[in-house]
Structures are given as C-alpha cells and as structure tokens.
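Down below is the structure, laid out as structure tokens.
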Amino acid sequence: MNFDSSAFMAQFEGLELDNIGQWPKAARIVLSIFLVVLVSSLGYVLMISDQIKQLERVTAQEITFKQEYQAKYHVAANLEIFEQQMIEAEALFAKQLKSLPESHETPGLLDDITFVGTTTGLDFVKLNWQPEIEQEIYVELPIDIEVLGSYHQFGEFVSRIAGLPRIVTLHNFDIHMKNQASGYLKLKLQAKTYRYREADK
C-alpha cells in the first residue's frame, strides 16, 4: 500500500475555521492533536511548573528539618553529658575568677611583689600602678617594675611571681648593665593582673 502524500496534503487546502465540522478526518485529527499539545503545554506552564517549584522548596526544607532534628536529637541523647560538662566548666570558671584579685586586694599585690623582690635580694627602683585597661570581660591592671640585681636573682624573682596565688603575667622584659664596676643589672618589666568586670558591677 503506497502513501499518496499529494492526496493527503490536498485535504488541508481551502480549510476554514468557521466550518471545522466539514473538514476532512485527517485535518480534524491534526487539529485535535495540536489543541491537546497546546492545552497540555499551557497547563504545565500555569499549574504544574509552580507545583514542581513548590515541591523543590518543600524538599529543601525537609533536608534542613532533618539536619536540625539530628542536631537536636544528638543534644537530647547526650543531655546528661552536656549538663555535666557545663557544671565542670562553671566550676573551673569560678575557680579562675577566684584567682583574679578584687578591688580591695590589688594594693596587697604590690606588697606581695615587694616581698618577693626583697627576699630574692633585689633592690627596687620603681614599682608603680599604671592606668587600667578595660577589655571586653575583664580589666587589665598593669604595674611598671624596675629592679637591680643579678641574672640569678631575676630568674628567682620571676619564678616566685609566677607562683603567687593571684594571676599575674609578666611582659616587656628589658635587661641592661646598670654599672659595670658593681656588676649590677637593671631589669625593667611590666606585670599585669586582671579583674573580672562583673565584679565591678
């Protein structure tokens, strides 16, 4: 059976939209297919594409919710461990706070430094408080120190300062010869202690 393309195309000649009911069968089938494709495309664009985008958003939210759930489940499953760690951290923090001098204790720190220096054989040239330096959660209390002595005495002095019950850090070391005849050395440094800012409030 041979397909006569010229006869097939002849069915589409002289067609008018006002008289669709009288069109040849082939022409009506082609028009029906075209209308189905057109309606399907419009339906997809107007309805289904929005639903697909919404589905993608919901899927992304589901992944986020799963991750949040897993994180919260991990916390809940280990709640007792976290609570114990929190108690230990608070105890450690309280212990460290006790190592910071309170306002009424800072003058006594100068006495402690003076005692440590004199018992190691040092001569004090300078021992003065400097202006306080406020940080976010604590206040620095710097002390300028100048002493005369030997290397050995300086080492013992620094070691004993580190052993004080209150937190004291040492900075800006400068050692030079005071007098060659006497063999004395001069040590300049800055000691810093700290005060918790909440204690001021």
Taking L110 and the conditions (1) in a helix (DSSP H, G or I); (2) modelled with pLDDT under 80; (3) touching a strand residue (DSSP E or B) at 6+ places or on another chain (Cβ under 7 Å), which numbered condition does it fall short on, given that it satisfies the others? (2)
Condition met for Q96 (at pLDDT 80 or above and of a type outside the set (V, I, T)): no
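The values are calculated or read from the model by the stated rules, or taken from the named source; none is laboratory data. Note that the coordinates shown come from a computational prediction; the quantities given were computed from them, not determined experimentally. Note that we place each Cβ from the backbone using ideal geometry, even for glycine, and neighbour counts take in every protein chain shown.
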